[in-house]
Amino acid sequence: MHKLNVDGDRHQPELTREQIERLEHQYGNRFMLEPAPDDKLPPAGMSAEEAKRLIEQEMVLDGLPMRNLATFVTTWMEPQAVRLITEALHTNFIDHAEYPKTAEIEQRCIRMLANLYHAPGETTGARTQGSSEAIMLGALSLKWKWRARREAAGKSTDRPNLVFGGDVHVVWEKFCRYFDVEPRIVPLKKGKYTIGPEDVEPHVDENTIGVAAVLGTTFTGHADDIPGINDLLVRLKGEQGLDVPLHVDAASGGFVWPFIYPDSKWDFRLEQVRSINVSGHKFGLVYPGIGWLIFRETTDLPDDLVFYENYLGKRDATFTLNFSTGSAMVLAQYYNFVRYGHDGYRYIMETMNYNAHSLNEEIKATGQFECVGGDDQEQLPLVAFKLAGEHNYDEFDVAAQLAAERGWMVPAYTMPPDAQDVKIMRALVKQTLGHSLVSTLGDDITEACASLKAKGGLHESDRKRVKTNTGF
Ligand SMILES: Cc1ncc(COP(=O)(O)O)c(C=O)c1O
């Protein structure tokens, strides 16, 4: 009778690397024995399954998007939308001749957004990779229109400037550097993290190509005083003949304000607002990357910036910084529009807002923090908060401790000049942070503070793990 060897194979000699490799085709995966290729193409490939597993193994060390409360970008979509996206992955959006329906769907999305933003009549716009591309194109339009006005008046065009607050996303400074425009940045102050007309007025002159105002800032989620800035620009037009356009950076706010604050005027209802950008991949609830640029009127897009080509079989107009890109997110945006409609978006935004208020209460109830901005202020569904009183740790410590204890990604950062001494934490409340997770997060923040109180701030090396970027 066969006797069971209770020691198993323990006494068998270990396999050599060569023996393991010989058995590999039967049992294993070559990538388990080798470092991941990282500087040149491997001489020979591997099976599809192995390649997939190699990458999947590494991805385990990336953060879980649903615990990422730093990002404004969508981390969950409905399975039907995901199927639609998967089925569209092999089409190039720019190939309008071959995919005319996709091009038509892009135009439907532009018309729907223009309508949502109260465009007075027929207008135009563009699908972009995100708000950054939309802002580059919108600001280029401001520059081109300003130059045309100056040339028509026989005036110099060599010193364009753009006015905005320190509360803008970095893309605005990027535009100024890339396209040779002087940035006139209104500094922030401790306790004042948005800008209004009194801040803008001293910076505006005949060389101002436009003013940029933010609806839902990256730092605290509040809005600049857009109606106030509009009134100022209307006054300057009447008094001095200076027709300075206003661009609204509604990257996040463009899908929040119309549903939660429908009576608040920030869009084309205001006379000087000539263009608006919005990220479909933020509160438009689509995966990255999709953004939109919407003009007030067709004439706000200078003809010179539109390129016509016959390259893909048909005369076609393009107004983009890049050329080829996927169709999937355009279709996904349209899916959300028809799937949710106005009521659905309002329900989702109200839900996020409700949960953001609950989180605000939870955080205040810890007794350790104050929230930035009053309850009556219009704000994105997020909580921006900072420590109140004296502590033997700071906001960066809390963020690192929360990450260590529970894996939450809550960023801590300092505000832009001249409020650079202010440290803030910020948690986005999106569709993936339901009510029970809000309570859990509140408890986790309390526990992280208790740990820090007992042991003091973190070691420098732990603090390096803190997420400090604001704009995603
Ligand atoms: C106010 C604002 N503008 C512009 C951007 C850039 O947007 P995108 O990431 O879509 O390029 C962001 C990103 O967070 C933002 O918050």
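Please treat every number below as a calculation from the coordinates, not as lab data. What you see is a predicted model; the values in this text were computed from it and never measured. Here the Cβ positions follow ideal geometry from the backbone for every residue, glycine too, while neighbour counts run over all protein chains shown.
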- Nearest-5 percent of antiparallel DSSP beta bridges in the chain? 60 percent
- Query: What is the diffusion coefficient of the chain in µm²/s, taking the Kirkwood radius over Cα pairs and the Stokes-Einstein relation at 37 °C with a viscosity of 0.692 mPa s?
  - Reply: 131 µm²/s
- Per the helix-only calculation at 222 nm, which mean residue ellipticity applies to the chain, given -39500 (n - 2.57) for every DSSP H run of n ≥ 4 and division by its residues, nearest 500 deg cm²/dmol? -12000 deg cm²/dmol
- Rounded to the nearest 20 Debye, what is the dipole magnitude of segment 3-145 about its Cα centre when Lys and Arg each give +1 and Asp and Glu each give -1 at the C-beta? 620 debye
- Which value, in debye to the nearest 20, describes the size of the charge dipole of the chain about its Cα centre when Lys and Arg Cβ atoms bear +1, Asp and Glu Cβ atoms bear -1, and nothing else is charged? 360 debye
- Evaluate the charge dipole of segment 294-428 about its Cα centre and quote only its size in Debye, nearest 20, assuming +1 on the Cβ of each Lys and Arg and -1 on the Cβ of each Asp and Glu. 620 debye
- To the nearest 10 degrees, the tilt of helix 395-406 (Cα long axis) against the first principal axis of the alpha carbons of the chain is 40 degrees
- Among the lysines, select those whose C-alpha is under 26 Å from the C-alpha of residue 455, and discard any that sit fewer than 8 residues away in the same chain. 364, 386, 423, 464, 467
- Note on the structure: For residue 52, the aspartates and glutamates lying under 12 Å Cα to Cα, once residues fewer than eight places off in the same chain are dropped, come out as none
- Do any trypsin sites (Lys or Arg not before Pro) in segment 411-458 lie in a DSSP loop with no more than 12 other beta carbon atoms within 10 Å, and if so, which? none
- Query: Can you give me the relative contact order of the chain as a percent, contacts being Cα pairs under 8 Å and 6 or more apart?
  - Reply: 20 percent
- Item | Candidate lysines - alpha carbon under 30 Å from residue 237, same-chain residues fewer than 8 apart omitted | 143, 145, 155, 174, 189, 192, 265
- Degrees between helix 328-365 axis and first principal axis of the chain (Cα, 0 to 90, nearest 10): 80 degrees
- Task: Starting with the highest mean, order 143-154, 408-419 by the number of other Cβ atoms within 10 Å, averaged over the residues of each peptide.
- Result: 408-419, 143-154
- At most 14 other Cβ atoms within 10 Å and a DSSP loop assignment: could you name the chymotrypsin sites (Phe, Trp or Tyr not before Pro) in segment 296-370 that fit? 311, 323
- segment 304-375: which trypsin sites (Lys or Arg not before Pro) are DSSP loop and have at most 16 other beta-carbon atoms within 10 angstrom? 314, 315
- Note on the structure: The summed charge of the residue 53 Cβ neighbourhood (under 15 Å; Lys/Arg +1, Asp/Glu -1) stands at -4
- Query: For segment 156-292, with the dipole built from +1 on Lys and Arg beta-carbon atoms and -1 on Asp and Glu ones, taken about the Cα centre, which of 276, 170, 181 lies farthest toward the positive end?
  - Reply: 170
